[in-house]
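Notes follow once the structure below has been shown.
Since every read-out is calculated from the coordinates, none of them should be taken as a lab result. This one's a predicted model, so the numbers in the text were calculated from it and none came from an experiment. Positions of Cβ are generated from backbone atoms using ideal geometry, with glycine treated the same way; all protein chains shown enter the neighbour counts.
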Amino acid sequence: MAELARIVYLFGFALLMALVEIEIEGPWGWAEKLPTWYRVDGAAARLYGRLMSGKPLTGYHAFMLVLPLFAFHLPFVEGLRWSWAAEARLLASYMLWMVAWDLLWFLFNPAYGWRHFRRGQIWWHNRAWIGRFPIDYYNGVGASLVVAASAWLDGRSLAALGEHARLCAGFAILTAAAAVYAPAYQRWYTRMRTPGTDARAEAGIFHRQ
């Protein structure tokens with residue numbers, strides 16, 4: 001039961017982050033319309049581009065990708081003894097979680113959904129695709145399995161790899177189930193933005209002084 005609860009909790013965390021990002025970015029992914037900086041030159045940006053299939057480094061992502069990593073490390077802060085096996089389990093989960101987070105952003109975003117989640121319609125996923133998914137997803141899942149397997153170096157056990165494989169399967173099942181409810185969320189998202197209903201127009205709310 002503890003393992004199942006962990007799978008559901010991490011998936012819920014990914015879904016929540018995806019919905020938060022939809023509220024922040026709207027239909028413009030990869031911080032395209034946000035007041036943040038973009039870099040493609042410089043050592044950090046070039047390294048980032050190589051790791052992320054050519055994507056630009058933005059100020060938004062420099063912080064947003066690190067934020068959940070802090071949350072994943074909370075058990076160590078609360079007293080869990082650090083070991084490479086524990087760290088590998090955590091990092092593998094984070095890598096897989098990022099893939100789920102990204103995919104859920106597309107599934108629930110009214111500007112995309114499954115129908116428009118295709119090569120050629122997403123400029124920041126403009127590299128190779130395999131089937132219906134960008135190469136980044138395969139790289140992320142593959143890297144997470146390798147990191148999970150590396151826990152063997154610490155405890156000479158592949159239990160962490162088996163657990164991570166079950167996490168992959170659980171995420172796949174929950175993503176498919178969540179996709180069924182994505183259209184309902186998209187309708188709600190659109191209804192909440194009906195022209196004339198935004199309260200900021202009332203009583204001078206949020207007007208700059």
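Structural remarks
- Scanning segment 120-159 for residues that are without any contact (Cβ under 8 Å) to a residue 40 or more places away in the chain and part of a strand (DSSP E or B) yields TRP129, ILE130, PHE133.
- Reported count of residues in segment 70-86, each being in contact (Cβ under 8 Å) with a residue 12 or more places away in the chain and part of a loop (DSSP other than H, G, I, E, B), is 2.
- Residue match in segment 33-55 (condition: touching a strand residue (DSSP E or B) at 6+ places or on another chain (Cβ under 7 Å), within 28 Å of GLN186 (Cα to Cα) and surrounded by 16 or more Cβ atoms within 10 Å (Cβ to Cβ)): no
- For segment 120-134, a residue qualifies if it is in contact with a Ser or Thr (Cβ under 9 Å, 6 or more places away or on another chain) and exposed (fewer than 15 other Cβ atoms within 10 Å of the Cβ), and the qualifying residues are ASN126, ARG127, ALA128.
- Checking LEU67 against (1) in a loop (DSSP other than H, G, I, E, B); (2) surrounded by fewer than 18 Cβ atoms within 10 Å (Cβ to Cβ); (3) not β-branched (Val, Ile, Thr), the condition it does not meet: (1)
- Enumeration of residues in segment 18-76 that are among the acidic types (Asp, Glu) and either closer than 22 Å to ASP136 by Cα or touching a Gly at 6+ places or on another chain (Cβ under 7 Å) (or both): GLU21, GLU25, GLU32, ASP41
- Candidates PHE117, PHE108, filtered to the one that is surrounded by 15 or more Cβ atoms within 10 Å (Cβ to Cβ), of a type in the set (Phe, Trp, Tyr) and in contact (Cβ under 8 Å) with a residue 24 or more places away in the chain: PHE108
- Test: residue in segment 136-145 that is closer than 26 Å to TYR181 by Cβ, among the small types (Gly, Ala, Ser) and in contact with a Cys (Cβ under 9 Å, 6 or more places away or on another chain): yes
- Identity of the residue in segment 39-64, of a type in the set (A, V, I, L, M) and not in a helix (DSSP H, G or I), that ends up nearest to MET95 (Cα to Cα): MET52
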